[in-house]
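Heads up: the structure comes next, in structure tokens.
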Amino acid sequence: MGRFLIRRFLWMFVVLFVVSVITFVLMRLVPGGPFNNSERGVPEAVRRNIEAKYGLDQPLLNQYLKYIGDIVLPRITDETWRRSLTEDYLINIDLPFLGEDAAFRWMNFGPSLRNRSRTVNMIFTDNLPISFQLGLAAMTVAMAIGIPAGIISALRRNTWVDYTGMGIAIVGVSIPVIIMGPILQYTFAVNLGIFRPTGWGTLDTMILPSFALGFAQSALLARLTRASLLQVMNEDYIRTARAKGLSERMVILFHALKNSLIPVVTVLGPLFAALLTGTFVTETIFGVPGMGRYFVTSVLNRDYPVIMGTILLYAFCLVLANTIVDIVYAWLDPRIRYD
Amino acid sequence: MAVAHNQDANTTPSNIAKLKTPHKGTSLWADAWRRLRRNRLAIIGAIIILINILMAIFAPQLAPKYYATQVLVDNDTAPYWVTRVFPSMVTVEEGGYVRINNDYLLGADNLGRDLWSRIIYGSQVSLLVAFIGPLFAALIGITVGLVAGYFGGWIDNLLMRIVDTMYAFPTLLLVILLMAFFRASVAQPEPGSFAFNVAQIDQRMGGMLFVFMGIGMTSWMNLARLVRGQILSVREKEYIEAARSLGVGTRGIMFRHMLPNILGTIIIAETLTIPTYISYEAFLSFIGLGVNPPVPSWGAMISEGSSSISTYPNQAIFPAIALFLVMFAFNFLGDGLRDALDPRMRGVD
């Protein structure tokens, strides 16, 4: 188990390294740069100077190494530090026992090239929590609706409950956020006036986007839970449990459910990842001030540090989610070998 | 106990009935077709798709107006019945703001273009994505899966690690980056160059070539894994050994013997992903990186409409319904096809 964990974590960093290289290369292959848009009419010499200030005149390899170095390498300094555009760390831990201003500083994602006076870390700390909240809220919606619906459908198989539930599920799968969004907005915000159509932070603005994003995934979860539980109910150990005289409730609660949730747990990682990236669409429709807006504009503006930072951070979440799922999977099902 | 007992009671009579009927030799496809016909939802799906195909082909005849025709004085007008469906749209006569114009079946958008005509023309985009989108993904996915499964060893290892790495990419973000890359790369190409030719093709397709490429390059991984798994399972079959002993070459075995045997699985998997491709296109058009305006895409129409959802809900809701119907149809047809072609997978996701 120990070796398995170590291997999984090492693999995580290899993947992140490859992702960072591909993103960097792809991003720099896009013609144009952050400072040469013609409509603002920046003189050639000025543009060169600005680019030099941000190190964009250096060879690409040096730029890449500096960028990654700033993120990966932690710094322990005892200098008085003032947050600046080029020096802004995501993680700052004071070390009072080493000196008055000594601190452990880590993860400098660099400045934003287009949102002057803001660093990528500021964008992260301001907007990322909102995207995360939305993703988590949607995941809660998906699980709270999907798993119970799947269990009920499986236990009442081939009854009207099952047919209705699965009918709703298949319809739900066909509704992406861009359809669900306007319909929910119109029905509940414009027509009934229960919620507000756009915004974020209060309950009456958070429910609609969470539901719009989570509903399609809840349908997937319901179908998966149902299929898995039905399969488990045919296993020999369920027959054994019944044979030894356990009540149906005990059989389902203690024998069937735990095993049937294994496949469900394995999709939770990719599910959260899908929801997290899915927040981009939802944010646009519901006017949620998350990361989505920044990413699209940063790509169009060639704001390199923002593009890199966002993709790396999301890739990290994806890889972490998948790794955790792998570990939970191995832990839940003893038949899985660790190598 | 009750559950298991019921199941026996349900299945046994039909099994007996099956045994009693004299065995008729039917091909896999005839058998599948028979099963598909019995699936009412799949047939409804197929009919919706058929109607959609007819709409796309005969769009110039069916649509009352051309999709780009603007009558600016008619902007944001709606026919009377629409204002009854959406109670928030209060007409001018009733003291509201909606101007009535019954010439437009579903209303006109903020540029005075007929919504109904744009929805009809929009079906061309979504159907092209549905049928051509998977081709790009299939081309990459099948190739990678075939090579990995057939050769095994370090090639397999390398390709599968690439697949793993691709999974780590936030797909939507990568698509956005790719689309920006494609668009900017061919922004001002020199005539005669490769980029120029690609840009010409893309222009002629209304910006769809890049949509296909972007979607294809980010959604081939599932298929690659599936094909590899299938190849691994047929690789050791006797008929492959027989073919090999008859002296069939690598390419012959791959394309003549292995691929046809796993084609059913590939078709099922791709049909089930079509809704995903459609929603990708809608999303890309939604954020303005999809098809070039004024080519109507339902995603772009929803995007334009949703900015005025509280005043003119019809501009977002009608394209949303159209998109929903098509995705719904492909989902049902895909499910039906899966059950028909591979009864073992019934009810399993």
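The values are calculated or read from the model by the stated rules, or taken from the named source; none is laboratory data. Keep in mind that this is a model prediction, so the values were computed, not measured. Positions of Cβ are generated from backbone atoms using ideal geometry, with glycine treated the same way; all protein chains shown enter the neighbour counts.
Here's the yes/no breakdown for (1) outside any loop (DSSP other than H, G, I, E, B); (2) modelled with pLDDT of 80 or more; (3) within 30 Å of residue B:121 (Cα to Cα):
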{"position": "B:201", "(1), (2), (3)": "yes, no, yes"}
{"position": "B:206", "(1), (2), (3)": "no, no, yes"}
{"position": "B:210", "(1), (2), (3)": "yes, yes, yes"}
{"position": "B:214", "(1), (2), (3)": "yes, yes, yes"}
{"position": "B:225", "(1), (2), (3)": "yes, yes, no"}
{"position": "B:228", "(1), (2), (3)": "yes, yes, no"}
{"position": "B:234", "(1), (2), (3)": "yes, yes, no"}
{"position": "B:240", "(1), (2), (3)": "yes, yes, no"}
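Of these, B:108, B:148, B:184, B:168, which one is surrounded by fewer than 19 Cβ atoms within 10 Å (Cβ to Cβ) and either farther than 30 Å from residue B:325 by Cα or without any contact (Cβ under 8 Å) to a residue 40 or more places away in the chain (or both)?
B:184
Can you name the residue in region B:278-316 that is over 19 Å from the mean Cα position of the chain (by Cα), surrounded by 24 or more Cβ atoms within 10 Å (Cβ to Cβ) and more than 8 Å from every other protein chain (Cβ to nearest Cβ) and, of all such residues, is farthest from residue B:331 (Cα to Cα)?
B:312
Give A:21, A:15 a once-over and let me know the one that is surrounded by fewer than 16 Cβ atoms within 10 Å (Cβ to Cβ), touching a residue at least 24 places away in the same chain (Cβ under 8 Å) and part of a helix (DSSP H, G or I).
Details: A:15 fails: surrounded by fewer than 16 Cβ atoms within 10 Å (Cβ to Cβ).
After ruling out the rest, the residue left standing is A:21.
So residue A:61 clears everything in (1) in contact with a Pro (Cβ under 9 Å, 6 or more places away or on another chain); (2) assigned to a helix (DSSP H, G or I) except one condition, right? Which one?
(1)
Hey, could you check region A:137-164 for residues that are touching a helix residue (DSSP H, G or I) at 6+ places or on another chain (Cβ under 6 Å) and either at the interface with chain B (Cβ under 10 Å from one of its Cβ atoms) or under 19 Å from residue B:44 (Cβ atoms) (or both) and say which is surrounded by the fewest Cβ atoms within 10 Å (Cβ to Cβ)?
In this case the residue turns out to be A:156.
Please count how many residues of region A:268-313 are at pLDDT below 85, of a type in the set (Ser, Thr, Tyr) and closer than 28 Å to residue A:11 by Cα.
Total satisfying the criteria: 2.
With (1) of a type outside the set (Val, Ile, Thr); (2) surrounded by fewer than 17 Cβ atoms within 10 Å (Cβ to Cβ); (3) more than 15 Å from residue B:123 (Cα to Cα) as the list, and residue B:66 as the residue in question, which single condition is left unmet?
The failed condition is (3).
Scan A:90, A:134 and give me the residue that is in contact with a Leu (Cβ under 8 Å, 6 or more places away or on another chain) and on the phi < 0 side of the Ramachandran plot.
Values: A:90 fails: in contact with a Leu (Cβ under 8 Å, 6 or more places away or on another chain).
The conditions single out A:134.
Okay, residues lined up against (1) within 14 Å of chain B (Cβ to nearest Cβ); (2) touching a Gly at 6+ places or on another chain (Cβ under 9 Å); (3) among the β-branched types (Val, Ile, Thr); (4) under 26 Å from residue A:262 (Cβ atoms):
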position	(1), (2), (3), (4)
A:135	yes, yes, no, yes
A:171	yes, no, yes, no
A:177	yes, yes, yes, no
A:215	yes, yes, no, yes
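Please determine whether any residue of region B:70-92 is over 20 Å from residue B:316 (Cα atoms), touching a helix residue (DSSP H, G or I) at 6+ places or on another chain (Cβ under 9 Å) and either at pLDDT 75 or above or loosely packed, with under 11 Cβ neighbours inside 10 Å (or both).
Kept after step one, since they are over 20 Å from residue B:316 (Cα atoms), are these residues of region B:70-92: B:73, B:92.
If we keep only those that are touching a helix residue (DSSP H, G or I) at 6+ places or on another chain (Cβ under 9 Å) as well, we get none.
No: zero hits.
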